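Heads up: the structure comes next, in structure tokens.
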Amino acid sequence: MLKIEDLQVAYGGVQAVQGISLEVQPGGITALLGANGAGKSSTLLSIVGSVKPRSGRILFEGRDITGQTPDVLVRKGIALIPEGGRVFARQSVEQNLHLGGYTVTDEAQYRQRLEQVYQLFPRLAERRAQIAGTLSGGERQMLAIGRAMMSGPRLLLVDEPSLGLSPLLVETVFDTLASLNKSGTSILLVEQNMAEALELAEQAYVMQSGKIALQGSAKEISASDQVRKAYLGL
Ligand code: ATP
């Protein structure tokens, strides 16, 4: 589904990503884990075309998408749920969803997706006219997920969805990702919350200082001594 080959990202002299390779299988959930500053967001941003890689290739369904612009990638079926549930703060809930679905030309399909989002998050339906900047952190995260769903992505990239959320809301967000995956969406999940992410994902990669330090099935990674000690506090 998604294949990254030897990706390097640099900001001036800072080598944020130093030649990583990873894969997301069709219909799968892959977790990209690691501490602050490991290079996870930079990897996601280069997949969606917001950051230009220094070198390496990104393939989506076998086609080279390296360096494509974000709007082209949305049309191809890739959507990003940005870190911290970033939404358009001055727009209403419904306008945010509308912007997420701007590539959808079929009115019936647009309505259907909107209904699907409101069914999944009744809270958003109640607040459809509210200005997004006044939503709570959890509501904003729901909106960010809803907005990404509007484009009907086949690959969903999710940046730290649990950041700043209560344990109950983290559960809701992870359940939502699981149900989107069941309905056929492949997911690349970036998380610092390793325990939750490893429960959801099948495959996992652990980044450290811009490199992949460890990779394997989520089961193998959870069982690794290195991970248990360094990240899971066990
Ligand atoms: P976090 O979980 O804290 O978001 P991360 O694993 O997503 O961390 P990145 O945000 O990709 O890590 O950052 C990797 C490195 O690149 C860090 O050292 C960071 O300071 C640096 N970096 C990120 N964005 C920029 C930028 N726009 N300009 C300069 N340096 C940057």
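Residues in segment 1-60 that are farther than 20 Å from Ala213 by Cβ, in contact with a Lys or Arg (Cβ under 7 Å, 6 or more places away or on another chain) and either charged (D, E, K, R) or buried (at least 16 other Cβ atoms within 10 Å of the Cβ) (or both): Phe60 only. Screening the candidates Gly138, Gly152 for the property of being more than 16 Å from the ligand (Cβ to nearest atom), at positive phi and under 17 Å from the mean Cα position of the chain (by Cα) yields one hit, Gly152.
One residue alone among Ala129, Ala178, Ala125 is more than 30 Å from Asp64 (Cβ to Cβ) and in a loop (DSSP other than H, G, I, E, B), and that residue is Ala129.
Residue-by-condition table, conditions (1) more than 12 Å from the ligand (Cβ to nearest atom); (2) surrounded by 15 or more Cβ atoms within 10 Å (Cβ to Cβ):
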{"site": "Leu163", "(1), (2)": "no, yes"}
{"site": "Ala178", "(1), (2)": "yes, no"}
{"site": "Lys182", "(1), (2)": "yes, no"}
{"site": "Ile187", "(1), (2)": "yes, yes"}
{"site": "Glu196", "(1), (2)": "yes, yes"}
{"site": "Val206", "(1), (2)": "no, yes"}
{"site": "Ser217", "(1), (2)": "yes, no"}
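No value in this document is a laboratory result; all are computed from the given coordinates. Values in this document were obtained by computation on a predicted structure and should not be read as measured data. Here Cβ is always computed from backbone atoms with ideal geometry, including for glycine, and neighbour counts include all displayed protein chains.
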